[in-house]
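Here the structure is laid out as structure tokens; the discussion comes afterwards.
Quick note: the coordinates plus some simple rules give every number you see, no bench work behind them. These numbers come from a predicted model, not from an experiment. Using ideal geometry, Cβ is built from the backbone for each residue, glycine included, and neighbour counts are taken over all protein chains shown.
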Ligand code: HEC
């Protein structure tokens, strides 16, 4: 009889011990995902392959691309990145230097491949032309200065162009 009860005690102890170990493992797990949340955005931009980076945006000069891109952005991206790409609770600003300094090819690659494990979806189901329009739109945000249009003096940078000029050139 005594033997039996000590056996039961052992079994109970074993159960308690495994439970404790499991709990410990779980809390260690959540500690590591806590660390993950401190990850800085934009680091993916530096990992884009050289060849993809160098790709030219075929719609960079297209006068319709910024507006079309903006509409697509509001449809697909704004819920996370904010209506004007200023950043939101779910995703970082796309007006940040890191994004604005990235080549168009880099942004296109990020759109095509996503950063899935960080919550940035893959957009390869959007036609390529639409992805380039979005890239043109994002890039256009970097050109907008804080000063309103009418305050723009004659000292605009030499490479700035108006959509009408671009129209003339393509004719
Ligand atoms: C479900 C939310 C969500 C949507 C929708 C979304 N994104 Fe993101 N995006 C993210 C998150 C989260 C990150 C940060 C990824 C990281 O930490 O690297 C990100 C990062 C980015 C980056 C920078 C890359 C980087 O490493 O941070 C770009 C550029 C970007 N998104 C563009 C877009 C565009 C354009 C769209 C619409 C076609 C879009 N995103 C839609 C969540 C989203």
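By the equivalent-ellipsoid construction on the alpha carbon gyration tensor, the range 35-85 comes out with semi-axes of 25, 20, 6 Å, ordered largest to smallest. Here is the P(r) of the range 45-144: all C-alpha pair distances, binned every 10 Å from 0, give 17, 55, 28, 1 in whole percents. Place a point 7 Å from Cα of residue 86 in the direction of its Cβ. Which residues in the range 53-72 have their backbone N less than 13 Å from it? Once the point is set 7 Å along Cα→Cβ of residue 86, nothing inside the range 53-72 turns out to lie under 13 Å by backbone N. Label sites at residue 143 and residue 39, each approximated as a point 7 angstrom past Cα along Cα to Cβ, lie 3.3 nm apart.
Neighbour counts of C-beta atoms inside 10 Å place 125, 55, 47 in the sequence 125, 47, 55, starting with the fewest.
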